[in-house]
Amino acid sequence: LIRATSSTAGAIATNGAISFTATGNFTNGSATLGFVNVTAASTAAGTIMNVTGGGLTTGVALSVDDSGTGMTSGSLLRVATGTTGAVATNGVVSIRATGAYTSTANAGLFDVQSSALVGAGTLVNFKLTSGSQTAATAVNIEQTTTTTGYTGTFVRIVGSTTTGASSLVGVTAV
């Protein structure tokens with residue numbers, strides 16, 4: 001219904017090729033609606049939204065950013081499903097790299113960093129809360145198909161030293 005085309009031969013300086021701007025402090029009455037809403041409630045096997053960048057070298061294909069300092073219970077990215085079926089092939093969230101790539105500076109395919117956590121806090125939290133778990137696995141780490149002479153480190157944990165009463169790895173069974 002809406003199609004916009006741009007040659008984008010030069011720099012896009014301020015507003016982008018397409019720009020939607022909300023300058024007021026708005027709220028909405030539904031967690032499924034927002035400033036921009038895309039709904040395809042009957043799509044069973046199609047792609048609802050696609051972002052494709054074929055020539056990126058240092059650019060960013062999708063950026064979600066909030067420079068405000070007041071977030072407490074919101075999320076910059078939320079992925080949720082109400083599925084009751086078997087999640088079999090790709091996972092609810094799937095990150096894949098199919099090309100032969102290298103990684104420098106320990107950035108890797110999935111990079112999570114926090115440079116300003118103060119006091120007590122958590123960088124990454126995994127939690128299984130269903131009371132009907134019988135054979136669940138919270139984290140599965142698997143490496144396959146290494147070559148002869150592999151000298152890498154499969155799992156690496158590095159922590160800084162401290163004079164306080166801390167531990168690098170803590171395991172608690174309850």
> So how exposed is residue 71, as accessible area in Å² (1.4 Å probe, rounded to 10)?
Replying inline: 100 Å²
> Under the classification rounded if a/c is under 1.5, otherwise prolate if a/b is larger than b/c and oblate if not, where does region 50-149 fall, given a ≥ b ≥ c as square roots of the Cα gyration tensor eigenvalues?
Replying inline: rounded
> If r is the Cβ-Cβ distance from residue 87 to residue 17 and R0 is 30 Å, what FRET efficiency results, to the nearest 0.05?
Replying inline: 0.25
>> Which of the three applies to region 93-174, rounded, prolate or oblate, going by the alpha-carbon gyration tensor with a ≥ b ≥ c and a/c under 1.5 meaning rounded?
In response: oblate
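Report the extension gain between residue 144 and residue 36 in nm, rounded to one decimal, defined as 0.36 nm multiplied by the number of residues separating them, less their alpha carbon distance.
34.7 nm
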>> What distance in nm lies between label points placed 7 Å from Cα along the C-beta direction at residue 166 and residue 50?
In response: 4.6 nm
> Taking the Cα centre of the chain as origin and charging only Cβ (+1 Lys, Arg; -1 Asp, Glu), how large is the dipole, in debye to the nearest 20?
Replying inline: 160 debye
> Using a 1.4 Å probe on the protein chains only, how many percent of the accessible area of region 17-174 belongs to carbon and sulfur?
Replying inline: 51 percent
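So how much slack lies between residue 134 and residue 111, counting 0.36 nm per residue of separation and subtracting their Cα-Cα distance, in nm?
Numbers: separation 23, 0.36 × 23 = 8.28 nm, distance 3.14 nm.
That pair, residue 134 and residue 111, stretches by 5.1 nm at full extension.
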>> If you count only protein heavy atoms with a 1.4 Å probe, what accessible area per residue comes out for the chain, rounded to a whole Å²?
In response: 96 Å²
> When the convex hull of the C-alpha atoms of the chain is computed, what volume per residue in Å³ does it have?
Replying inline: 280 Å³
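The values are calculated or read from the model by the stated rules, or taken from the named source; none is laboratory data. In this text the structure is predicted, and so the values were computed from the model without any measurement. Counting neighbours? That spans all protein chains shown, and the Cβs are built from the backbone with ideal geometry, glycine included. For the accessible areas, the whole protein counts, side chains as well, though only heavy atoms, and no ligand, DNA or RNA atoms are used. Shrake-Rupley method; radii C 1.70, N 1.55, O 1.52, S 1.80 Å.
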